[in-house]
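Worksheet: one structure, shown below.
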Amino acid sequence: MKKILITLLLLTSLIGLVRFNRVEASSVDDYYQDVDLSLYGEDFIDMLTPIINDDFVSYSYSQIANILKESDADPNKSGNIICFYTGQSLPSGAWNKEHVWAKSHGFPESGKDAYSDAHHLRPTANSINSSRGNSDFDEVDESSSYKSDNYGNKWTNTIFEPRDEVKGDVARIMFYMVVKYNNVDNTNLELVNNVPTSSSSGEGRFGNLSTLLKWNYDDPVSDFERHRNEVVYSYQKNRNPFIDHPEYVEHAFPNEYANQEVDETKVNNVIDLINTIPSTITLDNKALINSIKDAYAKLNYSEQALVTNYNVLKDALTTLASLEGEASKPTISGDKVVIDFANHNVANSNYASNVEFKIGDYPFLASNMGVYNKELRIGTNKKTSLPAKYNLEAGDATALEMNFEVANLSGMSLEVLSNYGTLSKWYVLFKASGSETYGIISEGSGSQISASLNTPQTGSFTVVFSGSTPRVILGDYTLYMATPNPYLDLKTKASVNFTLDDKEITAASIRFGGRFAKDLFKDASSFGVLAVESSNLAGKKFSDYYNGTSAKEYIASLASLRVLAYDATSMRASVDESGNVLADGNYYQFGLVINNVLGHEKEDITAVIYVEIAGQVYFMNEATYSLASILEATLNSGNLNTEEISLVRQAISFLQ
């Protein structure tokens, strides 16, 4: 009997972090043990085809959505996926399934395996999916007429050039499709060097092969691709060989980019330059990092393959892009900000669905929008229905969603200058940071829309306009902020320890707590963790029971609720960012452990961090957990490898 101890960590945002004692897993090397590297071209492809077909498990097109929620999950926002072509984090209902190898090029029938193969189905925003259509992949001639978006995608009527970050991903997907559907399931796919190719039924040709080969070397395999390959393998039982073994590309598609002459001096120079990148990246390092990027780009593809520390440069570029993105986000200070919709800067456009746009520096998402004679109209003259995520009754309506979050929001107001169609009612919804739930906080009719929050929160508003094909012209949108709470950043963590014996959980406990900067507690007379069975709170929060006394007296008053408390005030253990105990560490790490939760795995437990300052008790990020919900959320987080997914599924199966 094999005994496995599993520890799962879950943030309040439901992003799972997992530690496992590893169990023996089948090796990727074993999967490719019959590969013959003496073969090239069609011979190599013919040899590889049965390897990735033998154990293949097919799924229906409708079932693939659940796989994509795992394979393309946003690691920083539970429930969201990363749009393939834009890189956006999108919630359920805001994306659809894109056939990277367009289905009209060889398998238009939904019954074909290729139609629902998760290796080439990627989640995309609805608008960019329609822009791509069934076009071939190639590089756009920028001296001619073409269209583009803010994400780096370019297209004409016949070709589509995706953003740089996924060009290699596209290439390796297309290579996979040629090998997988090489006279398999009455499907035969081929990559060619001429575009455009025919999209008539049964014509399984796609271009442009030479461009895809270039992209493969320009954009090497990423960690996201590797993770995705593992997730899809856990379902379909087959792998993309060009992700596992990038060198297979030159065997399947001999090309000019492979086996080029190498100038070792140039390679070593780039390696030395990358070693000068500081461990902590700031915007001040932009010029240095970009100069090293340029030096790397001047190497040929064989030379680039020898730059052993390329990931350092890649990570630096990713960090730099993130910092630049943060710098470009709306910066809101003071107690209010007024956004002027009347003087918009949105380009003239026809009505469209799920439109992202900016008013000044502030990004929004409209369920329907168009610009008519310079009037920005939220809504459409066609019958529409709202996304299910808003949890409103079905009916003709349109929505305007803040696509950014604001700290310490206390309220909002929005002016309707005029409207078309019938505007019978409006709703103001609020979504707190880290949540996927939209709650109604105000509703009414008329041209003055306003709403207030009972307590200041970080998050965003959505305004829904209901009526008969409602279209509204907006004036000032005002956001009101309260004085910041210095403890809003304290996040409760829940960790689960359990022992798995032959697929059966024999013991389990839950720990509530976390690691926090010591400076947050420098003025605190008391701080710690409170936890209780949620039903004992009778629908209230911990703060609802606060009577203005000291933390000690307050906790004593909760005795009848059977609240468990851990006072961390006397804690002297300090840790670093990784949790290692250090005498001069900058963090406190503490928590409250509840043992013997087995048998109560579906019961909700509510936990909160408290801090007492100058006789006042503050409560931070109250959250509710159960053993079952933590396991389910972790399984859906997209952060597990194949082995870990299997173990968590076993645990969930036992609990069910």
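The values are calculated or read from the model by the stated rules, or taken from the named source; none is laboratory data. What you are looking at is a predicted structure, and each value in this text was computed from that prediction instead of being measured. With ideal geometry, Cβ positions are generated from the backbone for all residues, glycine too; neighbour counts draw on all protein chains shown. For the accessible areas, the whole protein counts, side chains as well, though only heavy atoms, and no ligand, DNA or RNA atoms are used. Shrake-Rupley method; radii C 1.70, N 1.55, O 1.52, S 1.80 Å.
For the range 537-629, calculate the relative contact order in percent as a whole number, restricting contacts to Cα pairs under 8 Å that are 6 or more residues apart.
Relative CO of the range 537-629 lands at 25 percent.
I need the phi-derived Karplus couplings for the range 643-656: 6.51 cos²θ - 1.76 cosθ + 1.60, θ = phi - 60°, integer Hz, Gly and Pro marked x.
Values, residue by residue: 5, 5, 4, 4, 5, 5, 5, 4, 5, 5, 4, 5, 5, 6 Hz.
Quote to one decimal, in nm, the extra length available between ASP544 and LYS425 on full extension: 0.36 nm per residue of separation minus the C-alpha distance between them.
39.6 nm
What spacing in nm lies between the two simple spin-label points modelled at ASN186 and ALA559, each 7 Å away from Cα in the Cβ direction?
Modelled inter-label distance: 7.8 nm.
Taking θ = phi - 60°, what integer Hz values does the Karplus form 6.51 cos²θ - 1.76 cosθ + 1.60 yield along the range 104-116, in sequence order, with x for Gly and Pro?
Result, rounded to whole Hz: 5, 9, x, 8, x, 7, 5, x, 6, 4, 5, 4, 10.
Calculated FRET efficiency, ALA342 and ALA482, Cβ-Cβ r, R0 30 Å, to nearest 0.05? Before the final figure, lay out the partial values.
Values: r = 27 Å, r/R0 = 0.90.
With a Förster radius of 30 Å, E is 0.65.
Show the residues, 5+ positions off or on another chain, whose built amide H is closer than 5 Å to the amide H of SER526.
Hits under the 5 Å cutoff: GLU612.
Quote the FRET efficiency, to the nearest 0.05, computed for LEU582 versus LYS286 with a Förster distance R0 of 45 Å and r equal to the Cβ-Cβ distance.
It comes out at approximately 0.85.
Find how much the distance from LEU39 to ASP315 grows on full extension, using 0.36 nm per residue of separation minus their present alpha carbon separation; answer in nm with one decimal.
Extending this stretch completely gives an extra 95.8 nm.
Treating cross-link reach as a plain straight distance, find the aspartates and glutamates whose alpha-carbon is under 15 Å from the alpha-carbon of LYS382, omitting any fewer than eight places away in the same chain.
Cα-Cα hits under 15 Å: ASP396.
Roughly to the nearest percent, how much of the accessible area of the range 182-245 is carbon and sulfur, given a 1.4 Å probe? The partial results should precede the final answer.
On the way: 1040 of 2510 Å².
Of all accessible area on the range 182-245, carbon and sulfur atoms account for 41 percent.
Can you give the FRET efficiency for GLU261 and SER110, using 1/(1 + (r/R0)^6), R0 = 45 Å, r = Cβ-Cβ distance, to the nearest 0.05?
So the FRET efficiency works out to roughly 0.40.
Beyond a 29 Å Cα-Cα separation, which of these cross-linked pairs lie in this structure: LYS266/LYS286; LYS214/LYS389; LYS77/LYS383; LYS112/LYS237; LYS154/LYS286?
Over 29 Å apart, Cα to Cα: LYS214/LYS389; LYS77/LYS383.
Mind ranking ASP576, ASP169, ASP263 by accessible surface for me, highest first, 1.4 Å probe? It would help to have the intermediate numbers written out before the result.
Numbers: ASP576 40, ASP169 10, ASP263 60 Å².
Correct descending sequence by accessible area is ASP263, ASP576, ASP169.
What accessible surface, in Å², does a 1.4 Å probe find on ASP29, ignoring ligands, DNA and RNA and rounding to the nearest 10?
Approximately 100 Å² for this residue.
Which aspartates and glutamates have a Cα lying under 12 Å from the Cα of LYS518, excluding residues fewer than 8 positions away in the same chain?
ASP576, GLU577, ASP584
Which entries in the list LYS493/LYS540; LYS97/LYS180; LYS493/LYS602; LYS336/LYS493 go over 29 Å, if you measure between the two C-alpha atoms of each?
With Cα atoms farther than 29 Å apart: LYS336/LYS493.
For the chain, what does the accessible surface come to per residue with a 1.4 Å probe? Please give it in Å².
On a per-residue basis, 47 Å².
To the nearest 10 square angstrom, what accessible area does LYS382 show with a 1.4 Å probe?
That residue has around 140 Å² of solvent-accessible surface.
Residue by residue through the range 278-291, which ³J(HN,Hα) values in whole Hz follow from phi under the Karplus form 6.51 cos²θ - 1.76 cosθ + 1.60 (θ = phi - 60°), with glycine and proline marked x?
Ordered by residue, 3J(HN,Hα) equals x, 5, 10, 8, 10, 5, 5, 8, 4, 4, 4, 5, 5, 5 Hz.
What relative contact order, as a whole-number percentage, does the chain give when Cα pairs under 8 Å and 6 or more residues apart are counted? Mind showing how you got there, number by number?
On the way: 1327 pairs, mean separation 87.0, N = 656.
Answer for the chain is 13 percent.
Using the eigenvalues of the Cα gyration tensor, what equivalent ellipsoid semi-axes result for the chain when each is taken as the square root of five times the eigenvalue, whole Å, largest first?
After scaling each eigenvalue by five and taking roots: 44, 35, 26 Å.
With a cut-off of 8 Å between alpha carbons and a minimum separation of six or more residues, what is the relative contact order of the range 157-221 in percent?
Taking the mean separation of contacting Cα pairs over the length of the range 157-221, I get 41 percent.
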